[in-house]
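Everything on this sheet refers to the single structure shown next.
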């Protein structure tokens, strides 16, 4: 498939067609197979990594992907730059675009990455905002494509259990709609994606033939699902009171062995964007055990997370391959078809 993505931003999924997203997955597959035999496409390129939020997978994936391709990166956080306090986002965008070939942003407000993209004449990548997580979607859909027993993503069915109001619920719903998959959002009504997000997804599904379900009913949402996704119940920076409310709402939607059994599939597979509270090895995990009696994990049980259905480490590794594909496709000199070919 030959798609020209040179110079393109990745700010939210709906800005790309199914063909463009599929082309990125194809490039990622090629680079992953090539391993250390890869051709370097990005010699002498420089990429700015702007982080308002801390990160493990996103930062590591961008840095290693860039180095694999011969590019250099500069990491900027609020304590080490003027971004967001002494200098406006628009002015930072103009400055960074004069010095760098691309800009990655990971932070809170989606408007920030939109402003970066509007004022920088180099590719801008959304490494995560509160509303969308497109680089995670590339990894998630590559992982499902690699592990599905169906003929491709248009036949894949998956369920997302948990708080679906933010980036993971929004992005899984909309990306599935673009690519034509069968997506079930399974959550309390109060934690469903916003109506505006559902409208974007429904419009995309009308074009692709995707099957979208948003439901409170566990049996309806899980029946037949090939993959079950979840995410943490409380995000970074939320107050302590949020835990009491969220645990009360989401305890029935916890991914445990019984949740996997509800799919009716012996081959069901578990996915999580990470980090996960699946044991008591973190302060949060210990707090949840003491306060709520969740002794073997919060949003997912240790039995599922560490069990044979879990493909979370394949999913995490694919952050690297898909981000490398994004960099090559948008900063390299070739159309995607030439890279794949």
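Kindly provide the set of residues from region 1-51 that are touching a strand residue (DSSP E or B) at 6+ places or on another chain (Cβ under 9 Å), surrounded by fewer than 18 Cβ atoms within 10 Å (Cβ to Cβ) and assigned to a loop (DSSP other than H, G, I, E, B), ordered by number. Answer for region 1-51, where residues must be touching a strand residue (DSSP E or B) at 6+ places or on another chain (Cβ under 9 Å), surrounded by fewer than 18 Cβ atoms within 10 Å (Cβ to Cβ) and assigned to a loop (DSSP other than H, G, I, E, B): just 44. If you check 190, 120 for being at pLDDT 95 or above and either crowded, with 22+ Cβ neighbours inside 10 Å or more than 22 Å from residue 300 (Cβ to Cβ) (or both), only one passes: 120.
Residue-wise test of (1) assigned by TED's automatic domain parsing to the domain that holds residue 63; (2) closer than 28 Å to residue 71 by Cβ; (3) surrounded by fewer than 24 Cβ atoms within 10 Å (Cβ to Cβ).
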site: 100; (1), (2), (3): yes, yes, yes
site: 112; (1), (2), (3): yes, yes, yes
site: 128; (1), (2), (3): yes, yes, no
site: 156; (1), (2), (3): no, no, yes
site: 159; (1), (2), (3): no, no, no
site: 167; (1), (2), (3): no, yes, yes
site: 170; (1), (2), (3): no, no, no
site: 174; (1), (2), (3): no, no, no
site: 181; (1), (2), (3): no, no, no
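The set of residues in region 183-203 that are touching a residue at least 40 places away in the same chain (Cβ under 8 Å) and either outside the structural domain of residue 235 (by TED's automatic domain parsing) or within 21 Å of residue 226 (Cβ to Cβ) (or both) comprises 184, 186, 187. Among the numbered conditions (1) in contact with a strand residue (DSSP E or B) (Cβ under 8 Å, 6 or more places away or on another chain); (2) closer than 22 Å to residue 4 by Cβ; (3) not assigned by TED's automatic domain parsing to the domain that holds residue 333, the only one that residue 138 does not meet is (1).
Out of everything in region 52-84 that is part of a strand (DSSP E or B) and over 23 Å from the mean Cα position of the chain (by Cα), what residue ends up being nearest to residue 99 (Cα to Cα)? Let's see the steps before the verdict.
From region 52-84, those part of a strand (DSSP E or B) are 72-76, 83; that's our starting set.
Those still in the list that are over 23 Å from the mean Cα position of the chain (by Cα) too: 72, 83.
Values: 72: 12, 83: 15 Å.
Per the criteria, the residue is 72.
Which residues, taken from region 276-287, are out of contact with any strand residue (DSSP E or B) (no Cβ under 7 Å at 6 or more places or on another chain) and closer than 17 Å to residue 161 by Cβ? Before you say what the answer is, go through the steps one by one.
Here is the first cut: in region 276-287, the ones out of contact with any strand residue (DSSP E or B) (no Cβ under 7 Å at 6 or more places or on another chain) are 277, 279-287.
Selection gives 277 alone.
Residues that are within 18 Å of the chain's Cα centre (by Cα), farther than 23 Å from residue 188 by Cα and in the same structural domain as residue 108 (by TED's automatic domain parsing): find the helices (runs of 4 or more DSSP H) completely inside region 238-341 holding 3 or more of those.
Numbers: elements: 241-250, 257-261, 283-292, 302-305, 312-331, 336-340.
Correct list: 312-331.
With respect to being modelled with pLDDT of 95 or more and under 16 Å from residue 125 (Cα atoms), residue 33 falls outside the description.
Tell me, yes or no, whether region 113-133 has at least one residue that is in a helix (DSSP H, G or I) and more than 24 Å from residue 55 (Cβ to Cβ).
Just the residues of region 113-133 that are in a helix (DSSP H, G or I), to begin with: 113-119.
Remaining after also requiring more than 24 Å from residue 55 (Cβ to Cβ): none.
No: region 113-133 contains no residue that is in a helix (DSSP H, G or I) and more than 24 Å from residue 55 (Cβ to Cβ).
The values are calculated or read from the model by the stated rules, or taken from the named source; none is laboratory data. Just so it is clear, the model here is predicted, and its values are computed rather than measured. Ideal geometry is used to build each Cβ from the backbone, glycine not excepted, and the neighbour counts take in all protein chains shown.
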